[in-house]
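A.B. asks: Quick one: this structure, given as structure tokens, is what I'll be asking you about.
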Amino acid sequence: MPQPFTEVADGVLRMGTSLINWYLVGDDDGVILVDAGAPGYRSQLEPGLAQLGRSLDDVRAVVLTHGDADHKGFAEKLRREQGVPVHVHSADEELTRTGRGRKREASFLPYFRYPATWKLVAGFVRGGHPLHVQEVETYEDGEVIDVPGRPRAVHAPGHSPGCVALHFEARSLLFAGDVLFEYNVLTGRRGPQVGPAGFNESSDEALDSLKRLEGIEAETILFGHGDPWSAGTRSAIDAARAAGRS
């Protein structure tokens, strides 16, 4: 993604690449990272902070939407360098700290017929090998996390056991993480959808978990993979249900 990074809402920068997003969210109390992309994205942090008129000293926390490698990215490096706490849902604590406790319902191999899969593999190689996060702070479903912006965690498992969306109600923002994808990183399909079976623990559970998002009012939905969605939460849920499994 070329600099300057895209400001997707007031004080919110979309970071990362066309394949994997992470976000900087700033307010009067400081800055948080929502996810931490891939390890190689660490070099984006200072330029992004500068674009917000901030510095490393303003970073208060990393809040992970779940514990997969392409979301915890450089979180451990930042924790070691700056003492920044890393928060994750308790059901993904083991995955975040050790990389274990994760299964997939389908083989990854059939997706190699799609060019998008080869592009993703190349992106993973360029992004580098993530470090497990040695120390984490856990949160639970419905908890308002005590970090700048005070997002509420909406537990919506299926992609991973501790997959969540983060609702910044005062800013009408919903960070969907991998509860929803706008870009299917294995097939290349666009539009709101649950993740591909090759990455999900249970696509059926992921689809069922969409009911957890019903009633959430958000002008903008931001994804771990894909472009922002500004047509509302209801339309995103309907589109994902219509898309079904992939």
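Bear in mind these aren't lab numbers, they're just calculated from the coordinates by the rules spelled out. Given the structure is predicted, the values throughout are model-derived calculations rather than measurements. So basically every Cβ, Gly included, is an ideal-geometry build from the backbone, and we count neighbours across all protein chains shown.
A.B. asks: I'd like to know how segment 1-146 sits against the 2.2 N^0.38 Å rule of thumb: what's its Cα Rg over that expected value? Don't skip to the end; give the middle numbers.
C.D. replies: Numbers: Rg = 15.5 Å, N = 146, 2.2 N^0.38 = 14.6 Å.
Its radius of gyration relative to the 2.2 N^0.38 Å reference: 1.06.
A.B. asks: Let me ask you something else. For segment 96-162, run through the trypsin sites (Lys or Arg not before Pro) and keep only the ones in DSSP coil with at most 13 other Cβ atoms within 10 Å of their Cβ. Please report the intermediate quantities before stating the final value.
C.D. replies: Numbers: sites: ARG97, ARG100, ARG102, LYS103, ARG104, ARG113, LYS119, ARG126, ARG152; in loops: ARG100, ARG102, LYS103, ARG104.
Passing both the DSSP loop test and the Cβ count: ARG100, LYS103.
A.B. asks: Could you sort 211-222, 20-31 so that the peptide with the highest average Cβ count within 10 Å comes first and the rest follow in order?
C.D. replies: Working: 211-222: 17.1, 20-31: 21.1.
In decreasing order of mean packing, 211-222, 20-31 become 20-31, 211-222.
A.B. asks: While we're here: As a test of the formula, what do you get for the chain when each DSSP H run with n ≥ 4 contributes -39,500 (n - 2.57) and the sum is divided by the residue count, at 222 nm and rounded to the nearest 500 deg cm²/dmol? Mind dumping the intermediate values first?
C.D. replies: Working: 7 runs with 55 residues, N = 246.
Result for the chain, helices only: -6000 deg cm²/dmol.
A.B. asks: Normalised by the residues of the chain, what does the relative contact order come to in percent, with Cα pairs under 8 Å and at least six apart?
C.D. replies: Numbers: 597 pairs, mean separation 42.4, N = 246.
Normalised by residue count, the contact order of the chain is 17 percent.
A.B. asks: Rg/Rh for segment 1-55: what does it come to with C-alpha atoms and Rh from Kirkwood?
C.D. replies: Values: Rg = 10.1 Å, Rh = 11.0 Å.
Here Rg/Rh amounts to 0.92.
A.B. asks: Further question: Between the alpha-carbon centers of segment 148-203 and segment 34-58, tell me the distance in whole angstrom.
C.D. replies: Their Cα centres are 22 Å away from one another.
A.B. asks: Which order do peptides 226-232, 89-95 fall in by mean Cβ count within 10 Å, highest first? Walk me through the numbers before you get to the answer.
C.D. replies: On the way: 226-232: 17.0, 89-95: 21.1.
Ranking, from highest mean packing down: 89-95, 226-232.
A.B. asks: If you take every DSSP beta bridge fully contained in the chain, what fraction is antiparallel? Give it as a percent rounded to 5.
C.D. replies: Expressed as a percentage, antiparallel bridges in the chain total about 65.
A.B. asks: Which of rounded, prolate or oblate describes the chain when judged by the alpha-carbon gyration tensor and an a/c cut-off of 1.5?
C.D. replies: rounded
A.B. asks: Of all the Cα-Cα pairs you can form in segment 124-232, what percent are over 22 Å apart? Walk me through the numbers on the way to the answer.
C.D. replies: Working: 2007 of 5886 pairs.
Looking at segment 124-232, the distances longer than 22 Å represent 34 percent of pairs.
A.B. asks: Check MET15: other-chain or 5+ apart residues with amide H under 5 Å from its amide H, H built from backbone geometry?
C.D. replies: Hits under the 5 Å cutoff: TRP22, TYR23, LEU24.
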